[in-house]
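> Starting off with a structure, shown below.
What follows draws every value from the coordinates through simple rules; no lab data is involved. It should be emphasised that the depicted structure is a prediction, and the values quoted were computed from it without experimental measurement. All Cβ positions, even for glycine, are placed from backbone atoms using ideal geometry, and neighbour counts span all protein chains on display.
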Amino acid sequence: MARTADVEYKMRMTQELKDKIKASADQYNRSMNADIIARLEESFNTPSFEQQNINKEQLEHITNLAGTAYLLTLRSKIANMSEKEAYDTIIRIMNEAAHGFNALDKKPLLDK
């Protein structure tokens with residue numbers, strides 16, 4: 001990506017984020033600056049959730065598909081665990097899900 005920048009902008013980021021950008025830049029064989037610019041440009045080209053006009057039924061279908069995929073993956077992992085590990089994992093996931101649902105109750109994803 002050889003082009004002249006019109007504006008220079010200095011920014012701060014965590015070391016963890018910088019490491020991720022460096023790894024991505026290396027993977028795509030470009031500078032960190034070019035990687036950041038490519039990612040920013042892509043984020044403006046990708047329609048946001050609101051711009052995609054996803055209705056409530058479509059969202060429910062997508063959620064169900066994601067849940068099914070997650071459960072299939074989880075089932076295969078649990079099959080290789082001891083009974084106690086499987087139990088602890090299921091309890092942890094149920095608690096995380098309950099916490100997530102409580103957060104969703106406070107702020108709905110879609111207007112009703």
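> For the stretch 53-106, which semi-axes, largest first and in whole Å, follow from the square roots of 5 times the eigenvalues of its Cα gyration tensor?
Semi-axes from the Cα gyration tensor: 27, 16, 4 Å.
> Right, something else. For TYR70 and GLU42, FRET efficiency with R0 = 25 Å and r from the beta-carbon atoms, rounded to 0.05?
Working: r = 26 Å, r/R0 = 1.04.
After rounding to 0.05, the efficiency reads 0.45.
> Given labels modelled 7 Å from the Cα in the Cβ direction, how far is it in nm from ASN29 to LYS77?
Between ASN29 and LYS77, the label points sit 3.5 nm apart.
> What distance in nm separates the simple spin-label points at ILE90 and LEU59, each placed 7 Å from Cα in the Cβ direction?
3.0
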